[in-house]
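What follows is calculated from the coordinates using simple rules that are stated; it is not laboratory data. Not measured: the values here are computed from a predicted model. Reconstructed Cβ throughout: ideal geometry from the backbone, glycine too, with neighbour counts over all protein chains shown.
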Amino acid sequence: MIKIMQIKDLKTAWKQLQVVNDLQPLETDEILLLLDKNESLSKLRTQRVFAQIIVFVVLTILCQGG
Amino acid sequence: MKSKKHQFIKVIDRNKGIMRSLCQVYYADAEDQKDAFQDIVLQLWKSFETYREEAKISTWIYRVSLNTILSKKRKEKKSVAAVQLSPLHQNISMARADDHTELLQLILQSLKDIDKAIVVLYLEGYRHKEIAEMLEMTPTNVTTRFNRIKTRLSGWNSEWNSNKKLNDQNHANKRP
């Protein structure tokens with residue numbers, strides 16, 4: 001006899017998939033590297049914005065002199 | 001900062017099963033899954049500071065992960081979802097623990113991105129109202145979509161059963 005499947009019947013399957021995926025170890029170093037990279041990228045972005053603001057202010061002051 | 005990072009890593013380690021499963025649901029290719037996983041990690045890290053322990057940590061993980069993947073998918077504008085799916089032609093690369101796991105993967109692969117999220121959250125035990133909050137939808141919308149998915153499931157059932165029968169017959173014929 002064919003059993004009619006319902007979505008709720010798949011709850012165990014979803015848990016099982018999670019367990020299988022949880023078994024593989026986490027590459028901690030890779031994640032730390034990713035976080036550091038992201039940090040330095042955002043620092044660089046801030047520095048760039050800051051430098052652009054300074055250039056803009058200097059140019060504005062110089063242009064006012066004329 | 002270092003201890004905060006280590007605290008974050010611990011959280012990720014405890015919930016990596018959820019995150020990896022979500023990546024598998026949305027991406028078939030291993031490299032894409034890795035990319036999506038990294039995007040999720042970054043988004044979680046960005047919102048880690050603002051995370052308050054009012055909500056369960058897994059709820060926060062689900063919310064951030066699904067919203068990250070959905071927005072990534074929107075950007076990619078790839079129509080990977082709703083592809084023709086027949087168990088006879090699909091090569092399922094994920095864990096084939098049992099028939100239900102296989103069926104779950106087939107069902108999820110054939111759904112639209114937002115519907116996948118609804119099913120996954122339902123399977124995790126969230127109510128329609130909570131799902132709606134997490135995905136920034138109305139509860140009515142979630143209920144409507146969910147009912148449509150349930151209707152489609154009857155179609156999948158018959159396809160699955162007939163293909164399984166055919167596969168079993170093929171296996172039986174191959175035996176010496």
### Query
With each pseudo-label sitting 7 Å past Cα toward Cβ, what's the B:Lys46-A:Asn38 distance in nm, one decimal?
0.8 nm
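Grab the DSSP H runs of chain A that are 4 residues or longer, score each as -39,500 (n - 2.57), total them, divide by all residues and round the 222 nm result to the nearest 500 deg cm²/dmol.
Working: 2 runs with 51 residues, N = 66.
Helices in chain A give a 222 nm mean residue ellipticity of -27500 deg cm²/dmol.
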